[in-house]
Amino acid sequence: MAKKETMTINMGPQHPSTHGVLQLVLELDGEIVVDAVPHIGFLHRGVEKLAENRTYHRALPLTDRLDYLAPMSNNLGYVLAVEKLLGITDKIPQRAKVVRVMMAELTRIKSHLVWLATHALDIGAMTVFLYCFREREAIMDMYEKLSGARMTSNYFRIGGLSQDLPEGFEDDVRAFIEAMPGHIETYEGLLTGNKIWQKRTIGVATISAEDAIDIGLSGPALRASGVDWDLRRDNPYSGYEEYDFNVIVRDGCDTFDRYKVRLDEMRESCKIIAQALDKLEPGPILADAPDVCLPPKKDVVNSIEGLIHQFKLITEGCKPEPGEVYQSVEAPKGELGFYIISDGSGNPFRMKIRPPSFVNLQALPQMVRGRLLADVIAAIGTLDIVLGEIDR
Amino acid sequence: MSQAVVAKLKGAFAASVLDVKEHRGEVTVTVKKEDIVPICQFLKDEAGYNFLCDLCGVDYLGQQPRFMVVYNLYNIATKERLRVKVPVAEDDACVDTVSTVWATANWHERECWDLMGISFNNHPDLRRILMPADWEGHPLRKDYPLQGPDREPYQGRLS
C-alpha cells in the first residue's frame, strides 16, 4: 500500500474569509480536511487585566471593543453584572430597561446582518452583502444619533442609560422595523431557494446536539442543533419576561439551518422591538442610587455639587460589597457572560469574560474534519465569530 | 433548588466540600482540588449540569492558597447555575483537567494556563492560546506589571 501523504497549509491570519485575524493550520489529504488547528490571540489587548486597573464605570468602554459588531450587547452584559454585584437590579427604571431591550435587539439585527452579508459573500453570493450593509447602515445611523458613535457606543450606564432618546428616534426605529421584514424576504428570495446556496450549506459543517453541548456551543449555533435554550426566555434579564417572542429552534444541525435560525431571529427581534416601542413611557432613565450612579450630564456642567459627585465616582468608583456574580446575556453570537469578583474596592478584583465566539470557535475542527477545504469557509462563516471578542 | 444539589453533593463527597456560600442568589461551592474530576462528573451525570459555561483562574496574591480555579456550570434542562471553586497553592499550581467531563474545558484550561499560570494534569493539548508561544510569564497574575515586563512603569494615570 502506498504511503499516504498529507499537505499542511496555512490559512490566515490575513485572509478575508477568516473574519479578522484567525489563523488556521489545515492538514489536507487532497481537498479533504484531515485536521484543522485554530491559532488565536493576534488581537489580544488584555481587556481583563485592564479592567482590574480601572473603576467599574471606566471599565465599561472596554466592553464595546469585545464584539465590535454588537457593542450594546456587551455593554448590557457588563452593566447587568455590575448592577447585580451592587444589588441595585430592582432599582433600574422601567424606561431604561425598555430602551436596553430595544437597543439590544437592534444590535442583534445589526450583528446578524453582518454575519449574513459576509457569510454569503464568502460562499459566493455578492448581492446579499450589499443589501445587508444598506440596512445595517440605518442601524449605524441610529447608534450615532443615540450615542454619538457608530460602533463604540458606550451608551448604557451602571444604573440606567447615559442619556435619553433623542427627538424623533422612536419614529426612526418604527420605520426601520416596519421595513425590515420585507428586506429579510429579499435576502431569503436570493438565498433560500438558490441551488448553489443549498449545495454549499445543506449538510455542511454538521454538529449533533450532544456534541454541541459538550463543546459549549451557545446561541443560534446551538439552537440549530435542536437544543431549545435561549437566555432571554430561560433566565430573563432587563424585563425580557414581559415580551412575547418565539425561540427559534431547528434540528438540521447544519449550516443551512443555522442560516434559517438567524434569519427567523431577526424577525423575532423586530417583534420584540415593536413591543418595546409600545411600552416606552416617559420617566427616569437612571436608578435612584446616587452612591453608585453617575449624575446626569446637565448636573455635572451646571452645579458644583454635580461636578464633585461625578468626580468622586469617576476617581474612586462605586464600591460593591465583597462577593462575586456571574451574569450572562443572550448576545447575538451566544451566551456572553461576565464573572466579576469584588473585594470591596472601587476596581473589579477580577473580571472574566465568557465570550461566545471563543467557545464556538472551538467546535470548528470537529465540524470540518473529513470535509472539503471549501467547507471550511462555510464553517467559519456559520459560526459567526468575531476576533475582538475571542482574543479580548 | 441549588440547595438540593449542594446537599446531594455533600452526601456523596462529604469530606471534599470545604465551603458553601450564597451571594446575590448565586451558590458557590468550594471543594478540594484532588476530587474535582469526580465531583464534576457527579454534577454532570447525577445533577444534570451538562454545560460548562466558563472556567477561569483567580489570583489572590498574598493569601494562602494563592489561586482559585472557578467553574461556572449550567443545567440546560432546569436552567440553573452552580459555581464550583477549587483552591490551588502556588507551589503546586496544577489541577486535574475536566476536559474529559466537558470537552469545552479544553480551551478554557489552556487560557487559564496561559494567563494565570495554573497547569492542568492530563490535559490533551496544554499550549499557550492567547499569548505568543515563546512568551514568558503569565499576564493575569497580580504581580505581573500592567505595562508588561521590562518597561518603565507609566508615571501618569490610565486615561
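Taken as entire DSSP H runs, the helices of chain A that both span 24 Å or more between Cα atoms along their own long axis and average -1.0 or more on the Kyte-Doolittle scale are A:94-123, A:126-147, A:169-191, A:255-279. Between B:Thr30, B:Thr104, B:Thr78, the GNM of chain B built on Cα springs shorter than 10 angstrom shows B:Thr78 fluctuating the most. With the convex hull drawn over the C-alpha atoms of chain B, the volume per residue is 146 Å³. Judged by the mean number of other Cβ atoms found within 10 Å, the most tightly packed of the peptides B:40-53, A:101-114 leads the ranking A:101-114, B:40-53. Compare B:Arg128, B:Arg24, B:Arg83 in a GNM of chain B, Cα atoms joined below 10 Å, and give the one with the largest fluctuation. The residue that fluctuates most here is B:Arg24. Inter-chain Cβ neighbour count for B:14-27, averaged per residue, equals 2 (cutoff 10 Å, partner chain atoms only).
With only the Cα atoms considered, chain A has a convex hull volume of 138 Å³ per residue.
From the square roots a ≥ b ≥ c of the eigenvalues of the alpha-carbon gyration tensor of the range A:14-161, which class results: rounded (a/c under 1.5), prolate (a/b over b/c), or oblate? Cα axes put the range A:14-161 in the oblate bin. Springs between Cα atoms under 10 Å define the GNM used for chain A, and in it the highest mean-square fluctuation of A:Leu66, A:Leu22, A:Leu373 occurs at A:Leu373.
Measuring from centroid to centroid over Cα atoms, what is the spacing of the range B:13-27 and the range B:71-90 in Å? About 10 Å separates the Cα centre of the range B:13-27 from the one of the range B:71-90. Enter the Cα centre distance for the pair the range B:34-67 and the range A:314-357, rounded to the nearest angstrom. Centre-to-centre distance over Cα atoms comes out at 19 Å. Taking the three principal axes of the alpha carbon atoms in the range B:8-100, the coordinate ranges are 39, 28, 24 Å, sorted in descending order.
For the range A:310-392, the fraction of C-alpha pairs farther apart than 16 angstrom is 64 percent.
Counting only other chain Cβ atoms within 10 Å of each residue's Cβ, the peptide A:320-328 averages 5. Listed by chain and number, the lysines whose alpha-carbon sits under 20 Å from that of A:Lys195, ignoring those within fewer than 8 places in the same chain, are A:Lys260. When each of the peptides A:216-224, A:292-300 is scored by how many other beta carbons lie within 10 Å of its residues on average, the order from highest to lowest is A:216-224, A:292-300.
Other residues whose C-beta falls under 14 angstrom from the C-beta of A:Lys199 contribute a net charge of +1, scoring Lys and Arg +1 and Asp and Glu -1.
With a 10 Å cut-off around each Cβ of A:266-276, the average count of Cβ atoms from other chains is 0. Packing here is the average count of other Cβ atoms within 10 Å per residue, and on that basis the peptides A:301-314, A:41-54, A:354-367, highest first, run A:354-367, A:41-54, A:301-314. Summary value for the range A:247-321: 19 percent relative contact order, contacts being C-alpha pairs under 8 angstrom separated by 6+ residues.
A straight line joining the Cα centroids of the range B:103-130 and the range A:97-154 runs 34 Å. Under 23 Å from the Cα of B:Lys10, which lysines turn up, not counting those fewer than eight places away in the same chain? Excluding near neighbours in sequence, the set is B:Lys21, B:Lys32, B:Lys33, B:Lys44, B:Lys79, B:Lys85. Sequence neighbours fewer than 8 away in the same chain don't count; with that in mind, list the aspartates and glutamates whose C-alpha is under 15 Å from A:Lys319. Straight-distance partners of A:Lys319: A:Glu52, A:Glu83, A:Asp291, A:Asp343. Among beta bridges from DSSP that stay inside the protein assembly as shown, the antiparallel ones total about 90%.
Taking θ as phi - 60° and the Karplus parameters 6.51, -1.76 and 1.60, the scalar couplings of the range A:9-25 work out to 10, 10, 10, x, x, 9, 9, x, 7, 8, 6, x, 10, 9, 10, 10, 9 Hz in sequence order, x denoting glycine and proline.
No lab work stands behind these numbers, since they all come straight from the coordinates. A quick note: this is a predicted structure, and the numbers were derived from the prediction, not measured. A quick note on method: Cβ atoms are made from the backbone with ideal geometry, for glycine too, and the neighbour counts reach across all protein chains shown.
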